[in-house]
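Note sheet for the following structure.
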Amino acid sequence: MAHRLNSDVREIVAFCAKCGADKRTLNVCPSCGSGPEGSGNAFIPPAAQQPTFQAPAYQQPPYQQSAYQQPMQSQKTNGFAIASFVCSLLCISLLGIIFGHVGMSQINRNREGGRGLAVAGLILGYIGLVVSIAVYLLVFAAATAEY
């Protein structure tokens, strides 16, 4: 006896192994008279029939979050670190350097965020200061030079 799962009805449908006829509720094929093993008119009592298909009884355990875990909190970015970076980008190097040092001091004291912005502001500020001093010296040297 062959079994197929009917997807529309969701039940097991039994077919005769000899002729392929539907034997849904009968133990004996109505067309050829064969029993479940293909032998003539054999009859099997209902207690010996195969059980119907059932879904597995296991489940995935639920996700459990640790009781001690704190949700991630975003750090406040230091305002002087932002000002340092912006001033250094706008070629106001002296203010960028001052704001960078004040921002780094506050970040270390208050555990705020923005350390990368303060460091970038300091680096750009010092580079801008060196470049601007070099440009001023070159302009001054060119203005005082005799042709």
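What's the extension gain from residue 105 to residue 73 if we count 0.36 nm per residue and subtract their Cα-Cα distance?
Once the chain is fully extended between residue 105 and residue 73, it gains 9.3 nm.
Positive contributions from Lys and Arg (+1) and negative ones from Asp and Glu (-1), summed over other residues with Cβ under 15 Å from the Cβ of residue 78, come out at +3. With a sphere of radius 14 Å drawn around the Cβ of residue 115, what net charge do the other residues whose Cβ falls strictly inside it have (Lys, Arg +1; Asp, Glu -1)? With Lys, Arg at +1 and Asp, Glu at -1, the neighbours total +2. Amide hydrogen proximity for residue 77: with H placed 1.01 Å from N in the peptide plane, the residues at 5 or more positions away or on another chain lying under 5 Å are 113. Summarising the label geometry, the points placed 7 Å from Cα in the beta-carbon direction at residue 146 and residue 90 lie 4.4 nm from one another. Label-to-label distance for residue 32 and residue 135 is 9.8 nm, based on points extended 7 Å past Cα in the beta-carbon direction. Between the amide H of residue 28 and any residue lying 5 or more places away or on another chain, no distance stays under 5 Å, with hydrogens modeled in the peptide plane.
Each reported figure results from applying straightforward, stated rules to the coordinates on display, with no laboratory input. Predicted, not measured: the structure shown is a model, and the values here were computed from it. Ideal geometry is used to build each Cβ from the backbone, glycine not excepted, and the neighbour counts take in all protein chains shown.
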